[in-house]
Amino acid sequence: MSTALHPVVAERAEDIRRLVCKVLEVDADQVEDTDLFVETLGADSMKLIELLAHLEVEFDIEVDEDELERLVNIEGVFAVLSAALGG
C-alpha cells in the first residue's frame, strides 16, 4: 500500500494481523496482507463490523463506518488505522 504506516501500526503489525485473523476466524499462517476478506477468506459484513469495533477498542480510536469499504484486506486495515491515528 502506498500510504505510509503510522508508527504505532508499523510497530504492532503482527498484533493487528492476529486480531484480524481471530475476528475473521482464519488461520494467521495462511493469510497474506493482500488476501481479500470477503472474496478470499469468506468474511461477511457482520464480521467486518465486528473487526472495526475491535480495532476501535484496541487502539482507542473512532473510525467512521464509511471506512468499512477500505477494510478489504490487512493492508486496508493498516491504512485505515494509520489515517485514524493521524498518520
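The values are calculated or read from the model by the stated rules, or taken from the named source; none is laboratory data. Every value quoted in this text rests on a predicted model; they were computed, and no experiment measured them. Cβ sites come from the backbone with ideal geometry, for glycine too, and all protein chains shown count toward neighbours.
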Tell me, yes or no, whether region 39-54 has at least one residue that is in contact (Cβ under 8 Å) with a residue 40 or more places away in the chain, surrounded by fewer than 13 Cβ atoms within 10 Å (Cβ to Cβ) and not basic (K, R). no
Test L55 against the criterion of being modelled with pLDDT under 95 and either part of a helix (DSSP H, G or I) or farther than 25 Å from G86 by Cα (or both), and give yes or no. no
Is at least one residue of region 17-38 of a type in the set (G, A, S) and modelled with pLDDT under 95? yes
Conditions (1) under 13 Å from the mean Cα position of the chain (by Cα); (2) closer than 16 Å to L24 by Cβ; (3) at pLDDT below 95: number failed by N73: (3)
